[in-house]
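Notes for the one structure printed next.
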Amino acid sequence: MARTSSEIALKTREADEVSPRSKSRLDLFKFVPFRFNRLAAEVSSALAVEYQERHGLDIPAWRVIATLGFRNDACSAQYISQCTRTHKSTISRAVTTLLQGGLIERVENEADRREFRLQLTKKGRALYEELFPQLLRREDEILACLSAQERKQLSVLLGKIEESLDLVQTSEEADAKQAY
């Protein structure tokens, strides 16, 4: 359930009381949303090297493959769009490219015959299986500046922020809630 604006305002006031800041101007380099966005862009670009140079995939195409790769069953393009927070037209273009490349395929949705779901082909599954260990290794390189304890803390803190924003945090949760 999404938080109301009054709940968010109350939490913001509570946070301001804990850490008062100068309100004269916004320092982007201390503004957490800016920092998150910048980090996300840099990490995404660093990971993209693994699949762009070797396989010609762009970031949206990888997001489609990655989403289908970790799931046990087929899902809709809408699910991928919402899960990855990528605009549906961007996902649609990636899906078209991946269909043409034989990396994904459409399957009929048994529950709603008007809708098609997407899944990896054998070729797409092989690509996913080849790429994900490389991406995990690259993630380890990015996080090498953190101790094991700091990595755990980072994961816990990110989870708290995701929870406060009512973001689905696992595929099981998404399936159970039919969130996407």
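The values are calculated or read from the model by the stated rules, or taken from the named source; none is laboratory data. All figures in this text were calculated on a predicted structure; none of them were measured in a lab. Methodologically, a virtual Cβ is constructed for each residue, glycine included, from the backbone with ideal geometry; neighbour enumeration extends over all protein chains shown. Surface accessibility is based on the protein's heavy atoms, side chains included, excluding ligands, DNA and RNA. Shrake-Rupley method; radii C 1.70, N 1.55, O 1.52, S 1.80 Å.
Values for this structure:
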read-out	value
Residue count for segment 86-108, restricted to those that are within 23 Å of the chain's Cα centre (by Cα), β-branched (V, I, T) and surrounded by fewer than 19 Cβ atoms within 10 Å (Cβ to Cβ)	4
Residues located in segment 75-85, provided they are among the hydrophobic types (A, V, I, L, M, F, W, C) and open to solvent by 20 Å² or more (accessible area, probe 1.4 Å)	A77, C83
Flag for R106 being outside any helix (DSSP H, G or I) and free of Cβ contacts under 8 Å to residues at least 24 places away in the same chain	yes
Check on R137, within 20 Å of W62 (Cα to Cα), out of contact with any Leu (no Cβ under 6 Å at 6 or more places or on another chain) and touching a residue at least 12 places away in the same chain (Cβ under 8 Å)	no
Residues satisfying the stated conditions in segment 95-118, i.e. within 18 Å of T84 (Cβ to Cβ) and in contact with a strand residue (DSSP E or B) (Cβ under 6 Å, 6 or more places away or on another chain)	L98, I104, R117, L118
Filter result for R35 (charged (D, E, K, R) and either in contact (Cβ under 8 Å) with a residue 12 or more places away in the chain or open to solvent by less than 60 Å² (accessible area, probe 1.4 Å) (or both))	no
Subset tally (residues that are buried (at least 21 other Cβ atoms within 10 Å of the Cβ) and touching a strand residue (DSSP E or B) at 6+ places or on another chain (Cβ under 8 Å)) for segment 48-74	4
Helices (runs of 4 or more DSSP H) within segment 109-180 that include 1 or more residues surrounded by 13 or more Cβ atoms within 10 Å (Cβ to Cβ) and of a type in the set (S, T, N, Q)	122-142, 171-177
Filter pass, A40 being open to solvent by less than 50 Å² (accessible area, probe 1.4 Å) and either of a type outside the set (D, E) or touching a Pro at 6+ places or on another chain (Cβ under 8 Å) (or both)	no
Among the candidates L98, L57, L157, residue that is within 22 Å of F36 (Cα to Cα) and among the hydrophobic types (A, V, I, L, M, F, W, C)	L157
